[in-house]
Amino acid sequence: MTDRSLAGRVALITGGGGAGMGHGLTLGFARAGARVAVGARADQERAERVAAEARALGVEAITVMGDLSEPDTAARVVERVTSEFGPIDILMHCVGYRKNMPLVEVPIEEWRRTLDANCSSLFYLSRLVLPGMMERGWGRIVAIGGTAATRPTRNHAAVAVAKAGVVALCKTIAAECGEYGVTANVVSPAVTEGMPAASRTPERLKTYLPIPRPARFEEIATACVFLASDDAAYTTGQILRVDGGLEL
C-alpha cells in the first residue's frame, strides 16, 4: 500500500539499513513519500540495497553510516542529511542493541554499550534536530521501544533500563516541545517476525498473545508513519503498543 502522507518530508531512519525492522521502516516511510536517509553502523552494502529499494518506490534516498552512540558521529550524520536533503523533519529512531544475561553478570562495558546504543544515541540526535524543528513549527520524533521498558523480565536488565530511558526521553521532549509543533512518541512491539519467539506455535503464542502470531514489519511501519504524519499532530508523549495485545 502506498500513500503520500509524508510527501516532501525529510526522514532520518536510524538503523534503517538493518535486515529486519529497520528495512521495513525505511520502505514504509518511502511509500509514504518521505525522502529517507538510511542509517547503518557498519554494513554499508546492505544499507545501499535498502536505499535502492526506497528509490524504486519513487523517493530520494541516501545512506548515512556511523556509530550514533558517539556524539561526533551523530553530528556528522545530521550534517550530511541536512546538506543533501535540507532540514530533518522526522527522526525515526530504530537503533537497537542487546545481550541478555542476569543483572549480576552484566559487564560494566556491556551496560554502557547497551545504554549508549539504545538511549544516548537518541539524546545526541534529538538535541541536534530539535532546535530546527521548533523554529519551523513542525517536527516528529518516533522511537522504537519494547516491552522490556514496561515489563522487565529476567536477563533483560540493561535493555530494560535503556528502553525505559527512551520512553522517558520522548516524554520529556513531548513536554518541552509540544507548543512548537513538535511531537515525540514511542512504538512498542513485542514478538515480531524474525525473532526467536516468532517460531513458536500459534498454540504457544496464544498463551500470552490475544493475536497469536508475530507482528509483520509493515505493521510496525504503519504505526510509525502515522505518528510521523499530520494526522498525529495532537498525539505526543505516548507509547503505541503494536504488540498483539500482550499489554492489555
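The values are calculated or read from the model by the stated rules, or taken from the named source; none is laboratory data. None of the values given here were measured: they were computed from a predicted structure. Don't worry about glycine lacking a Cβ; one is built from the backbone with ideal geometry, like all the others, and counts go over all protein chains shown.
The residues of region 68-95 include none that are at pLDDT below 95 and over 15 Å from the mean Cα position of the chain (by Cα).
Could you identify the single residue in 142, 187, 161 that is aliphatic (A, V, I, L, M), within 18 Å of residue 234 (Cβ to Cβ) and in contact with a Ser or Thr (Cβ under 9 Å, 6 or more places away or on another chain)?
Numbers: 187 fails: in contact with a Ser or Thr (Cβ under 9 Å, 6 or more places away or on another chain); 161 fails: within 18 Å of residue 234 (Cβ to Cβ).
Exactly one of 142, 187, 161 is aliphatic (A, V, I, L, M), within 18 Å of residue 234 (Cβ to Cβ) and in contact with a Ser or Thr (Cβ under 9 Å, 6 or more places away or on another chain), namely 142.
Report yes if residue 181 is of a type outside the set (Phe, Trp, Tyr), on the phi > 0 side of the Ramachandran plot, surrounded by fewer than 23 Cβ atoms within 10 Å (Cβ to Cβ) and modelled with pLDDT under 90, otherwise no. First the steps, then the outcome.
Numbers: of a type outside the set (Phe, Trp, Tyr): yes; on the phi > 0 side of the Ramachandran plot: yes; surrounded by fewer than 23 Cβ atoms within 10 Å (Cβ to Cβ): yes; modelled with pLDDT under 90: no.
For residue 181, the condition - of a type outside the set (Phe, Trp, Tyr), on the phi > 0 side of the Ramachandran plot, surrounded by fewer than 23 Cβ atoms within 10 Å (Cβ to Cβ) and modelled with pLDDT under 90 - is not met.
Taking region 78-120 as the range and being touching a strand residue (DSSP E or B) at 6+ places or on another chain (Cβ under 6 Å), of a type in the set (D, E, K, R) and surrounded by fewer than 21 Cβ atoms within 10 Å (Cβ to Cβ) as the test, the residues that pass are 80, 84.
Restricting attention to region 121-168, the residues that are basic (Lys, Arg), surrounded by fewer than 22 Cβ atoms within 10 Å (Cβ to Cβ) and part of a helix (DSSP H, G or I) total 2. Cβ separations smaller than 9 Å between residues 6+ apart or across chains give the following pairs from region 205-219 residues that are within 10 Å of residue 243 (Cβ to Cβ) to residues that are surrounded by 14 or more Cβ atoms within 10 Å (Cβ to Cβ) and polar (S, T, N, Q): 215/192. Return yes when residue 59 is over 23 Å from residue 159 (Cα atoms) and part of a loop (DSSP other than H, G, I, E, B) and no when it is not. When the stated conditions are applied, residue 59 passes them.
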